[in-house]
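> If you scroll down you'll find the structure; I have some questions about it.
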Amino acid sequence: MSTRVELHELPRLPKRREDAHKGEFGHVLVVGGSRVFIGAPCLAAMGALRSGAGLVTVACPESQQPILATKLTEAMTLALPEGAPGSIGRAAWEPLREFAVQADVIAVGPGLGTHEETKALVQRLARDLDHPMVIDADGLNAFAGQLAALSRRRSPTALTPHPGEMGRLAGCTAADVQLAREEKALEVAMRAPRLVVALKGAGSIVTDGERVFVSATGNPGMATGGTGDVLTGVVAALLGQGFDVFSATAIAVHVHGAAGDAAARRTGQMGLIASDLADALPAAIEAYRGGGKRRTSRRASSRLMRRATESESESPDA
């Protein structure tokens, strides 16, 4: 039987020492991007930076590196060999393996695309690198129908699917997932002892197969492209700062939703975009650190679960 975890039971974010330096707060390696979806890894990088990562490097297709370097001021970039034009290819394995010794956590998937060489590379990264890993978007699609391969990972792994991606992992439809959100999330998370699932949507669910956290933050304005990429970066940043995978994912989901709520209060829900959410993250994180409004009411959780079950939309996250 699963155990409910309330917000106040999650660890607080520690205050930084006066003599702290960037090397203490984790180096996040984001592997993502393609010719069509170059904005996604940028948003993941900003999510990580706004959540306290000491260093962030984005590894992307070689042809897209100049664009990324122009868009990202604070993050570094790594150009990778391509398979299909504008897509990371199999030959990227060796430079990624060599660079990974510098990284503390790897986020795989934002904007990758679904070229066969790219999928093969993702599968090898998950199999042969022992880093904590966050897998999202096309990183998850590389394992459609191959969930057993993910369950064999020996290192902490966070999956952040929307209902469509969850359905592809679990072998069902997005509608099936929406009708039994918690059950589907538990079913996938129970496949491995170090696997955590964050099923995005109204009342996002985080579970490691035993514990369940249901977020009471977030709003329909977050149903816009890129917000899920920001979440990937937040989870990765917290993993890189030493939180266990369940706590990192649950805290990330909470502050990500709280940032979305703050952004919606400023812009309105209809005009909210993913970069608004990323900009609101620091204040949301400080509010969590300070303990303000930390407790999730059972009534709010129940209301959100009803909304999630009744929803017919695929996801409020991209």
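The values are calculated or read from the model by the stated rules, or taken from the named source; none is laboratory data. None of the values given here were measured: they were computed from a predicted structure. Reconstructed Cβ throughout: ideal geometry from the backbone, glycine too, with neighbour counts over all protein chains shown.
> Which one of Leu125, Leu159 is among the hydrophobic types (A, V, I, L, M, F, W, C), farther than 22 Å from Gly260 by Cα and surrounded by 20 or more Cβ atoms within 10 Å (Cβ to Cβ)?
Leu125
> So, one more: From Pro132, Pro66, Pro61, Pro85, which residue is over 25 Å from Val245 (Cβ atoms) and surrounded by 22 or more Cβ atoms within 10 Å (Cβ to Cβ)?
Going through Pro132, Pro66, Pro61, Pro85 in turn, the sole match is Pro61.
> Let me ask something additional. If you take the residues in the range 168-223 that are of a type in the set (D, E, K, R) and assigned to a loop (DSSP other than H, G, I, E, B), which one is farthest from Asp244 (Cα to Cα)?
Taking the candidates together, the pick is Lys200.
> With Arg50, Arg17 as the choices, which residue is in contact with a Pro (Cβ under 9 Å, 6 or more places away or on another chain), basic (Lys, Arg) and within 19 Å of Gly242 (Cα to Cα)?
Arg50
Yes/no per residue for (1) modelled with pLDDT of 95 or more; (2) touching a strand residue (DSSP E or B) at 6+ places or on another chain (Cβ under 8 Å); (3) over 29 Å from Arg194 (Cα atoms); (4) not acidic (Asp, Glu):
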residue: Val212; (1), (2), (3), (4): yes, yes, no, yes
residue: Met222; (1), (2), (3), (4): yes, yes, no, yes
residue: Gly268; (1), (2), (3), (4): yes, no, yes, yes
residue: Ser275; (1), (2), (3), (4): yes, no, yes, yes
residue: Asp317; (1), (2), (3), (4): no, no, no, no
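> Considering only residues that are of a type outside the set (Val, Ile, Thr) and free of Cβ contacts under 8 Å to residues at least 12 places away in the same chain, which ones fall in the range 82-113?
Correct list: Ala91, Glu94, Glu98.
> Now for a separate question. So Ala79 passes all but one of these: (1) without any contact (Cβ under 8 Å) to a residue 12 or more places away in the chain; (2) outside any loop (DSSP other than H, G, I, E, B). Which condition number does it fail?
Exception for Ala79: condition (1).
> Residues being among the hydrophobic types (A, V, I, L, M, F, W, C), in contact with an Asp or Glu (Cβ under 9 Å, 6 or more places away or on another chain) and free of Cβ contacts under 8 Å to residues at least 24 places away in the same chain: count how many of those fall in the range 156-176.
Of the residues in that region, 1 qualify.
> Among the residues of the range 137-156 satisfying the criterion of being among the small types (Gly, Ala, Ser) and at pLDDT 95 or above, which is surrounded by the most Cβ atoms within 10 Å (Cβ to Cβ)?
Gly139
> Only residues that are in contact (Cβ under 8 Å) with a residue 40 or more places away in the chain, more than 18 Å from Thr57 (Cα to Cα) and aliphatic (A, V, I, L, M): list them for the range 114-138, please.
The one that is in contact (Cβ under 8 Å) with a residue 40 or more places away in the chain, more than 18 Å from Thr57 (Cα to Cα) and aliphatic (A, V, I, L, M): Ala137.
> Under 6 Å by Cβ, and 6 or more places apart or on different chains, what pairs join a residue from the range 3-15 that is acidic (Asp, Glu) with one that is modelled with pLDDT under 95?
Hits for this filter: Glu6/Thr296.
> Considering only the range 9-19, I want to know if a residue exists there that is part of a loop (DSSP other than H, G, I, E, B) and closer than 19 Å to Leu125 by Cβ.
no
> Another question, then. Can you confirm whether Leu72 is at pLDDT 95 or above, over 18 Å from His131 (Cα atoms) and buried (at least 24 other Cβ atoms within 10 Å of the Cβ)?
no
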